[in-house]
1. Against the conditions (1) in contact with a helix residue (DSSP H, G or I) (Cβ under 6 Å, 6 or more places away or on another chain); (2) surrounded by fewer than 18 Cβ atoms within 10 Å (Cβ to Cβ), where does A226 fall short? Just the number, please.
2. Scan the helices (runs of 4 or more DSSP H) fully inside the stretch 87-197 and keep the ones with 2 or more residues being closer than 21 Å to V59 by Cα and of a type outside the set (F, W, Y).
3. Of everything in the stretch 393-427, what is part of a helix (DSSP H, G or I) and at pLDDT below 85? Give them in sequence order.
4. It is to be established whether one or more residues within the stretch 202-211 are buried (at least 17 other Cβ atoms within 10 Å of the Cβ), at positive phi and under 32 Å from the mean Cα position of the chain (by Cα).
5. Working only within the stretch 177-193, note down all residues that are surrounded by fewer than 21 Cβ atoms within 10 Å (Cβ to Cβ) and either within 20 Å of I50 (Cβ to Cβ) or among the aromatic types (F, W, Y) (or both).
6. Identify the single condition in (1) surrounded by fewer than 24 Cβ atoms within 10 Å (Cβ to Cβ); (2) in contact with an Asp or Glu (Cβ under 8 Å, 6 or more places away or on another chain) that L367 does not satisfy, given that it satisfies every other one.
7. Listed residues L350, L367, L373; which is hydrophobic (A, V, I, L, M, F, W, C) and closer than 18 Å to A323 by Cα?
Amino acid sequence: MRIVVLVLTLSTLVFLGWLLLTGGGPRTVPVRPDPRQGAYTDPRRVLARIQTDLERAAVGRQAGPLPAGMAGDPLEAIVDAYRLFRDGNVKAMDVQLNAIEALATERLRPAAGMGDGELRRRTLDYFAALAAAHAPQPLTRLAAAMRMVDSILFMEAAGWGGADPQTRRLAGAPDDPRNDSWLRLPCRTAIGRTAAMAEAQARLGERAGPLLSCPTDNADLAVVEAQARAPAMLPPRIPPIPPRPPLARAEPPPPAPWDHEIAVAWMDEDMDAAEAVLAAGTSPAGKLDYALFLHAFRPASPDNQARIHALLRTVDAASLPGAEPAVLETVGKPAGYDGSDSSLLASLRLAALTDTAPGYAIPCAVLQAKPGLLAATKPLFVGSRDNFLPVSGCASGRGHVRGFPEAEVAALVAAAEEADGHFIARHDGTIVASHIASQQAALERLKLDPRTLAAAEPPTQDHPYQVWGLLSLGNRAVENRITALYREAAGTLSAWYLRQGLSADEAARAAKTGLFRVVWGADCGADAPTPSLRGLIMERAPLADIRDALAGKEAPEVTICAIHAGLDPLSHVAVGHPPALALLLERGRDADEANSFGKTPLMAAAQADAVESARLLLDHGAAINATTWMAEGAGLAHDGRTALMYAAASGSLSMIKVLLAKGADPQMADTKGRRAIDYLLGFGPVPANTVLSPEERAEAARLLY
């Protein structure tokens, strides 16, 4: 009898442990109505709901309930068709799919009014091909119907304008959140059906799209099936590391005889050898090189001025006939060389902007001797024409700045791109050319003109993104990484400036001012932050100080920086300081207080791996399966994120288990159809989880699959 009791007790413990780790299957979490606009009816939300319910169907769970009085989209019947397919009831599935196809045909009517004739034809042909995919193989027909459903919803989300259902892209909008809207058959569908999957892919061809939700890049269906059977086998997606650009060369000049480009690169090392080559140049660009050499490296004299004037007259004669009136109006006509840097600017700009010397790069040695010529590279047109202004030869292989700390500055700029939201890379429109030119000009001034930087008023913040870092815990983590890189770059840069003859104070000022200028939004918020409740919580100040700050009048938190970058509520910030979070909750803060796109404190805690704070929020009734959603504006590409997705991306195994034990649903999908397991392995919007060991990641994959 004692043995039987022991066995029962162990079995009970195993079952309870499974409930604790997985959420227990039958556990029901109350559904709170979502009042946000489009939370249930927006096509992207419908896509997310369908994908979620497909995944639930694959593990034998029912579809998620909708609030009372809220009806789903009729196209969600594709989930019922999938259930029938899983049950082997092909006849009933066909009846369901007939109804879905009829509904899709009705909702296709707006395609007839699409303005673009070619795109309209492609759209109608796409749907006609899907409707014709009535193969005897049930999986092919199910997949074709699924493509009808998601393409209709994609086109409706796009307003039937400028959207291609086959590529799932909006014309001219590479970062639109509606792009790449696909439904996928649950990964488990591959088990025992690799031949049927291969047939469906072959029959649908380029219209197949991504058919399975397996978080893998492997195209071998046999491997995919094995991974679907054993999700611990799924490897993380590791993006390739882009090669770092080569650092400036430091070798001595090559032996004579030199060609023209070697003479340009090393003109400051052996002026006589360089002049012998440069003087022989016959092209307009060659004459510009020689004129700039004489300007930078030969003593001012009437004879030297006359030679430069004659060279520029030849270049200008070639440039002026081809200059557009708008260019001449902006640049101005050359007024003749008078020995100053400014008298060269018009000739340089016109030569580069016309066919005289397109893309002209000012020799780096010249810029080091005459940094005032950097003005020729400054954007003028606020548009694509700025792409064609002269550029710095220091950045384009026409010489180099010896000893400049290239690696340290490049590392800072790369890290800052995370803070500025990859502003330049994501920017649409011709104005991006001006942004690129401005950033490059700031970088070149950092190399070439430290005295001008030292004379400028330095930024008031201590380091880049100091105020921006106060807006959220995620910002603070990025700010901390940037600060470390900034200090390293500022230190090496100051030491290099000291060797250029600047005083210690000048070197420090030049380094700070210059580094702030080479990254976008570095001084977001303008002034250094003043003491505030937010800052105290961020710094994990003693609870007594936070109580005192709460008792006082809180300073307004909306700054210029917050207007543009968003401001997380204090409860989000406080997840990094659990005693402060407890205090805020005791004083009435909502455990589900959301930011501008619906992110909750629990999501912030999951992202920051603040397990104690997550437990505290859940004890105060935080919604375990709340989702992000921005009804207005562009929104997030991967909207509909849950706390479990945030935890899977950057949390510990303990955090993942805590959320699952409280009912977090691993089958929920975001608006791109990605689940928590995708976030874990790097198939969501962020890289794979780096907190977990390989063994922990394998266990997490089993739990989240």
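1. A226 satisfies all of (1) in contact with a helix residue (DSSP H, G or I) (Cβ under 6 Å, 6 or more places away or on another chain); (2) surrounded by fewer than 18 Cβ atoms within 10 Å (Cβ to Cβ) except (1).
2. The helices (runs of 4 or more DSSP H) meeting that bar are 90-107, 138-157.
3. Listed by number, the residues that qualify are E417, E418, A419, F423, I424, A425, R426.
4. Yes, there is a match, as at least one residue in the stretch 202-211 is buried (at least 17 other Cβ atoms within 10 Å of the Cβ), at positive phi and under 32 Å from the mean Cα position of the chain (by Cα).
5. Within the stretch 177-193, P177, N179, D180, W182 qualify.
6. Among (1) surrounded by fewer than 24 Cβ atoms within 10 Å (Cβ to Cβ); (2) in contact with an Asp or Glu (Cβ under 8 Å, 6 or more places away or on another chain), the lone unmet condition for L367 is (1).
7. Unique residue meeting the criteria: L350.
For every residue, the table says whether it meets (1) polar (S, T, N, Q); (2) assigned by TED's automatic domain parsing to the domain that holds S301; (3) under 19 Å from G399 (Cα atoms); (4) at pLDDT 95 or above.
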position: L344; (1), (2), (3), (4): no, yes, no, yes
position: L348; (1), (2), (3), (4): no, yes, yes, yes
position: V366; (1), (2), (3), (4): no, yes, yes, yes
position: L374; (1), (2), (3), (4): no, yes, yes, no
position: T377; (1), (2), (3), (4): yes, yes, yes, no
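The values are calculated or read from the model by the stated rules, or taken from the named source; none is laboratory data. Since we're looking at a predicted model, the values are computed, not measured. Note that we place each Cβ from the backbone using ideal geometry, even for glycine, and neighbour counts take in every protein chain shown.
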